[in-house]
Structure formats: C-alpha cells, structure tokens
Amino acid sequence: MYRVKLTDFEGPLDLLLFFIKRDELDIYDIPIAKITKEFLEYLQYLQELDLDIAGEFIVTAAELMQIKAQMLLPRPEGEEEEEFDPRAELVRRLLEYKRWKEMAEELERMQNHQRMLAYRGNFEHDPKTYESNGEDDFIRDVTLFDLIAAFQFAVNKMPRKFVHEIEKLNVTVDEQIEFLLNLFKEKDEVSFYDIALAMTEKIRVVVTFLALLELMKSKVVAISQFEPYGDITIVKLPTEEVA
C-alpha cells in the first residue's frame, strides 16, 4: 500500500498554527475545546486519506484532551487565574515554534532571492518569484493543511452516489504523477479544483492528491493560493541548470 508520511511536510504544531491563523484566534487565549475538536476531526480525515500519521500527532491530541479536562476542573480557592492556566506550556511551545518557523522562512526567501540573482535561465513562472503586479499578497504561503482543505472542498462538491459498486482500484500513484506532469506540457500552471472536479471517482481524487504530495516532496511542483479558502494553483518548478 502506498503511503505518504505526513511529517515529511508538516507537524502537529503546524496544524495548530494553521487553525489559529485560519480562524484568527488569539494565540495567548486559545479556545481549547474548539481547537481540540478540530484537531481530532482533522486527524480522522488524514487517516481517511491514508496518510501516515506520526506518533507526535497522537501525543499532541492526548495533550490537548488533557488540557481540556484540566480547564474544566474547579480552580483551588485563592489561586490566581494567571497562575492556573493549563494552556501556558502549549502557548509557550507554539510561540517558540512560530518564531523558529518565521526565521526559517525568511532565510529561505533570502536564499531563493540570491539564487534567482545568479540564475541563468529564463523561467517566468517560478512561484517564489512570481511578479504580483504590485500586489504583495498575490501569492499566499500555502501549507499542506491549506491543500487538504481544498481537497475537502473538491470532494464535497462531487455528486454523491447512492448506489455503491465495488470496483477494483485501477489507478496508481505513479500513473497520476505521470498524469499531472503531462498537464504541464500544455500549460504552465493548473488548477487543483479543475483537476479534482473533472473526476467522477473519489478514490481517483485521493490517489491524485497523494501523487501531488509526492511531486511536492520531490520539489517538482509547488502550490500557491490567491486567497484563504481559495483554489490551489499547481506550478511546475524549473529544472536547475547543471554548471
């Protein structure tokens, strides 16, 4: 069975930061019941996609449930509210990880800028240097979880079949990788929604999704998004010239 390891892309803290950013939550006052519910629902959905969920996701889920339980306990008499916040350690870890991640992203931007200054090719659609026509937010930073949200949207838009016929799976990840690469022979970028909504079988969409993850991991393609919850654009990355 073909499996993609989730931690090749994102970890549990990335998922929590995704929820905080998406729902515009206060990182210092996390609604623990809401975020725990969403975290557990996402884990279930990731398992349905047959993604290989690392143990750290399960550990984080257990920690969230423990914090939720502690929040429901009565506070000892005379103890200040600030001194009794079970979320404090989680907030500290999230802030520390967020700072580290922002530093890593800034270093990557600097590295990409330096590489493009010396780049001798003429590839016009590198998603990291795409000209935005004056709009700084033309391309958002897109995470794996943004892609999964787009996948959920596409699957929910598919017509529901009330008669289920058992069919042998006749599509592989390798075949869908080739399918995606063939699309770039005709155009520079493709819409994830257009690809998914053109398919009539949910299993084919799932396998295509796994093929896309494999191409992302191999740095063959990159993804971009114009606005939150919007379509995902898939762009083929240039092949660097050998000196």
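Every number here is computed from the coordinates shown, using simple stated rules; none is lab data. In this text the structure is predicted, and so the values were computed from the model without any measurement. Positions of Cβ are backbone-derived with ideal geometry, glycine not excepted, and every protein chain shown enters the neighbour counts.
Of note:
- In order along the stretch 176-189, the phi-based Karplus estimate (6.51 cos²θ - 1.76 cosθ + 1.60, θ = phi - 60°) of 3J(HN,Hα) comes to 6, 4, 4, 4, 5, 5, 5, 4, 6, 6, 9, 8, 7, 8 Hz; Gly and Pro are listed as x.
- Of the cross-linked pairs Lys98/Lys157; Lys98/Lys185; Lys157/Lys187, those separated by over 30 Å at the C-alpha level are Lys98/Lys157; Lys98/Lys185.
- Inter-label distance, Ala69 to Met110: 4.5 nm, where each label sits 7 Å from its Cα along the C-beta direction.
- When peptides 63-71, 89-97, 106-114 are ranked by their average number of other Cβ atoms within 10 Å per residue, the highest-first order is 63-71, 89-97, 106-114.
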